[in-house]
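Novice: Could you have a look at this structure, given as structure tokens, before my questions?
Read-outs throughout are calculated quantities, based only on the coordinates presented, and are distinct from any laboratory measurement. Remember, predicted model here, so these are calculated numbers, not experimental data. For neighbour counting, all protein chains shown are included, and Cβ atoms are generated from backbone atoms with ideal geometry for every residue, glycine included.
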């Protein structure tokens, strides 16, 4: 959890008991160029730097067919985020919103999602562009982007 417990003006935190009501299985780790939140982009861009989804080798067969998609969704656990703010002032400008009205990493269950461009699959590693998380972030899941759920059409014979 992020050790910074600073509360901005108008933010409010909830007293939170230890979470013990769900169990997630991390399927790997994400490798990005960013070591701290100050370096990390607020939102990923599809032409951003290459990042890697490094899966536990047991999950390599689960990648079969993923290469047919240009865009995929990556779900990850924002393990260094605090989890107790119910209202936030994300830009420090005094405007306060409820946590569920924001894409902030500070959430009761800090699940991050990004739509990313699939660059390559190399054994149990998926190379992508468009992430916005810190190096070492635990990987939860990979899915075809819901907006492009139909895989790319195979090439037509005689058409290049």
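Novice: Under a GNM of the chain (C-alpha, springs under 10 Å), which listed residue has the highest mean-square fluctuation: 83, 37, 25?
Specialist: The residue with the greatest mean-square fluctuation here is 25.
Novice: Taking a ≥ b ≥ c as the square roots of the Cα gyration tensor eigenvalues, with a/c under 1.5 meaning rounded and otherwise prolate when a/b beats b/c, else oblate, which class fits region 11-160?
Specialist: It comes out prolate by the Cα gyration axes.
Novice: Could I ask something else about it? How far apart, in nm, are two points set 7 Å out from the Cα along the Cα-to-Cβ line at residue 102 and at residue 68?
Specialist: In this crude label model, residue 102 to residue 68 measures out at 4.0 nm.
Novice: Looking at the chain as a GNM with Cα springs under 10 Å, which of 88, 39, 67 has the largest mean-square fluctuation?
Specialist: Greatest mean-square fluctuation among the candidates belongs to 39.
Novice: On to the next question. Return the distance in nm (one decimal) between the two label points of a simple spin-label model at residue 125 and residue 37, each offset 7 Å from Cα along Cα→Cβ.
Specialist: 2.9 nm
Novice: What FRET efficiency comes out for residue 16 versus residue 45 if R0 is 41 angstrom and r is the Cβ-Cβ distance? Round to the nearest 0.05.
Specialist: In this case the efficiency is close to 0.80.
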